[in-house]
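The values are calculated or read from the model by the stated rules, or taken from the named source; none is laboratory data. Just so we're clear, the structure is a prediction, and the values are computed from it rather than from any experiment. Don't worry about glycine lacking a Cβ; one is built from the backbone with ideal geometry, like all the others, and counts go over all protein chains shown.
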Amino acid sequence: MAHKLYINGRWVESSSGKTFKSINPANEKTIGYFQAGNKKDVDKAVNAAIKAYKKWRLVPPPKRGEILLEVASILRKRKKKLGKLVTDEMGKQIKEGLGDVQEAIDMFEYMAGEGRRLFGFTTTSELRNKFSMTIRMPLGVVGLITPWNFPFAIPAWKIAPALICGNTVVFKPSSDTPMCAVELVKILEEAGVPKGVVNLVTGSGSEVGVPIVKHPKIAAISFTGSREVGKFVAANAGLKKVGLELGGKNVIIVMDDADLDLAVDGIIWGAFGTTGQRCTATSRVIVHKRVRDELLDKLVRATKKLTIGYGMNHDIGPLINERAVEKVERYISIAKKERCKLVLGGNRIPRKGFFFEPTIFTNVKPKHTIAQEEIFGPVLAIMPVKNFDQAIEYANSVSYGLSSAIYTNDVNKAFIAIRDIEAGLTYVNSSTIGSEVHLPFGGVKDTGNGAREGGILGIEEFSEVKTVYVDYSGKLQKAQID
Ligand code: NAP
């Protein structure tokens, strides 16, 4: 039987009468069938969310926080089972599957605490006997659209702050990981989220995503996904508040004074963790030519030790689907045509599932396609440079700007890199991945529209500020005139 939509506190079938399938990318076996929602379902979900908003916005935020804490507690109890579900439905290795769930736990706990803050500020007035302050207001109904690569963490990064701020939610998860979304919403229900406050509509981007983006009664959209769809959202959301977290072409710079073993650990983790399918995945390594050969040698040796297979017992799981494999193959053939030097890998693994070898190219320059476009697979471009200035120039030679890292023991170079690399995140002597929930997350340039999630800036995304004046003078006072 197909899993249902969750609208107004009830599990219901889609008005389309159609379903779609989610599969395990490691063996192509069916995980489950899901409702193929459509515009009618989105309308129902929005109406339920509007109704629920009237009460939810008045629930004291610390009380909302108690429900979020309960969500965290149930997630924690089921972490093992849910971590395995991530591995089965999305493909990443089990340690990362558990990490995905842990990130959701952390976010619900963190945002529960924000329920006792949600700070505004007070300031002075230019008039006598007048008080002024700001307070935080919810936005209303928010539409949340998420990708498949962090099927618990990314929905949590949006649902938790949206709820603590007093919004109600229409949630459309990726069609590649709907089972994880259903499990998350069941937990929200079990934790006591009132009916209509969170509504789940599964289904395709065109049938469910587009009606959410264009819906006149949705106040804000928070979208994480590709740059192409992000541009569509920006162009079609009208005057809604829009948060966009898009792709990356993330870089690690390795200077000639770096600890190369440490750098290799960071590169392997950044480039091949999650099979390269993180928005923060390392896809370029810019290395000082003096240490290029040594680094490459260590990197190839370490990469050869990685095991590829079902994520429950291997280091590198499959890509998400057949389209992803074809995309990686396309970029490998372009790289070869453009005369980048293939050092390792480059092939699909001929077995059931969507497995691909970790792949390393060297002699890559900024003009090459694999140095510019997001591949979203286990493909690493090594770019030798003659000095630090050229390293920074190469790092900034892309249109994306999400994550970056530098390995160096020179504190001056580290601080110049922090200042000059165009990215939302810069790590020193650590890989490009590993964000923590209480710090802001997001990118510059084509990676988004300036929105930041996580930490108190996550609260900014899901609330707006009202300015309040209280005049206790008992007479009409005129600002700028009296
Ligand atoms: P995607 O193809 O852009 O899809 C993202 C979500 O948008 C899915 O739920 C998708 O639904 C939906 N969608 C598709 N077309 C739509 C439309 N026209 N209107 C509204 N919604 C639509 O991205 P993806 O392949 O799932 O994820 C990979 C991308 O996400 C990469 O570019 C990665 O860098 C980026 N990402 C960014 C971050 C970040 O925080 N910056 C984090 C993770 C991933 P269907 O699944 O039904 O098509």
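The rows are residues; the columns are (1) within 25 Å of Leu118 (Cβ to Cβ); (2) hydrophobic (A, V, I, L, M, F, W, C).
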{"position": "Leu58", "(1), (2)": "yes, yes"}
{"position": "Pro61", "(1), (2)": "yes, no"}
{"position": "Val71", "(1), (2)": "yes, yes"}
{"position": "Leu75", "(1), (2)": "yes, yes"}
{"position": "Lys92", "(1), (2)": "no, no"}
{"position": "Glu103", "(1), (2)": "yes, no"}
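Phe152 - would you say it is at pLDDT 95 or above and either touching a strand residue (DSSP E or B) at 6+ places or on another chain (Cβ under 9 Å) or away from the ligand (no atom under 14 Å from the Cβ) (or both)? Break it down into steps so the answer makes sense when it comes.
Working: at pLDDT 95 or above: yes; either touching a strand residue (DSSP E or B) at 6+ places or on another chain (Cβ under 9 Å) or away from the ligand (no atom under 14 Å from the Cβ) (or both): no.
When the stated conditions are applied, Phe152 does not pass them.
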(request) Quick one: count up the residues across the range 126-147 that are out of contact with any Lys or Arg (no Cβ under 9 Å at 6 or more places or on another chain) and surrounded by 15 or more Cβ atoms within 10 Å (Cβ to Cβ). (result) 3
(message) Can you confirm whether Arg128 is out of contact with any helix residue (DSSP H, G or I) (no Cβ under 7 Å at 6 or more places or on another chain) and not in a helix (DSSP H, G or I)?
(response) yes
(message) For the structure I just gave you, tell me whether Arg323 is farther than 19 Å from Lys92 by Cβ, surrounded by fewer than 19 Cβ atoms within 10 Å (Cβ to Cβ), within 16 Å of the ligand (Cβ to nearest atom) and not assigned by TED's automatic domain parsing to the domain that holds Gly91.
(response) no
(request) Provide a single number: the residues in the range 80-118 that are assigned to a loop (DSSP other than H, G, I, E, B), closer than 30 Å to Thr467 by Cα and touching a residue at least 60 places away in the same chain (Cβ under 8 Å). (result) 2
(message) I'm trying to understand the selection: among the residues of the range 136-149, which are within 6 Å of the ligand (Cβ to nearest atom) and in a strand (DSSP E or B)?
(response) Ile145
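When the residues of the range 423-481 are filtered to those that are part of a loop (DSSP other than H, G, I, E, B) and on the phi > 0 side of the Ramachandran plot, which remaining residue is modelled with the lowest pLDDT? Don't jump to the end; show me each part of the working.
So the first thing to find is which residues in the range 423-481 are part of a loop (DSSP other than H, G, I, E, B), and the list is 423-424, 429-440, 442-443, 446-447, 449-452, 454, 462, 472-481.
From what's left, on the phi > 0 side of the Ramachandran plot: 429, 434, 442, 450, 454, 474, 480.
Working: Asn429: 98, Gly434: 93, Gly442: 98, Gly450: 96, Gly454: 96, Gly474: 98, Gln480: 97.
Applying the filter and picking the extreme gives Gly434.
Would you say Gly203 is closer than 22 Å to Ile50 by Cβ, within 18 Å of the chain's Cα centre (by Cα) and within 9 Å of the ligand (Cβ to nearest atom)? Walk me through how you get there before you give the answer.
Details: closer than 22 Å to Ile50 by Cβ: yes; within 18 Å of the chain's Cα centre (by Cα): no; within 9 Å of the ligand (Cβ to nearest atom): yes.
No.
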(request) Could you list all residues from the range 21-31 that are surrounded by fewer than 16 Cβ atoms within 10 Å (Cβ to Cβ) and in a strand (DSSP E or B)? (result) Lys21, Thr30
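From the list Val364, Val379, Val398, Val437, which one is under 24 Å from Thr275 (Cβ atoms) and more than 27 Å from the chain's Cα centre (by Cα)? If you could, list the steps in order and put the result at the bottom.
Working: Val379 fails: more than 27 Å from the chain's Cα centre (by Cα); Val398 fails: more than 27 Å from the chain's Cα centre (by Cα); Val437 fails: more than 27 Å from the chain's Cα centre (by Cα).
From the options Val364, Val379, Val398, Val437, the qualifying one is Val364.
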(message) Considering only residues that are within 7 Å of the ligand (Cβ to nearest atom) and of a type outside the set (A, V, I, L, M, F, W, C), which ones fall in the range 206-229?
(response) Ser206, Gly209, Thr224, Gly225, Ser226, Arg227, Glu228
(request) From Ile392, Ile334, Ile382, grab the single residue that is farther than 30 Å from Asn412 by Cα and aliphatic (A, V, I, L, M). (result) Ile334
(request) State the number of residues belonging to the range 405-444 that are surrounded by 23 or more Cβ atoms within 10 Å (Cβ to Cβ) and touching a helix residue (DSSP H, G or I) at 6+ places or on another chain (Cβ under 6 Å). (result) 6
(message) I need the full set of residues from the range 260-292 which are more than 16 Å from the ligand (Cβ to nearest atom), out of contact with any Ser or Thr (no Cβ under 9 Å at 6 or more places or on another chain) and either not hydrophobic (A, V, I, L, M, F, W, C) or not assigned by TED's automatic domain parsing to the domain that holds Gly424 (or both), in order please.
(response) Asp261, His288, Lys289, Arg290
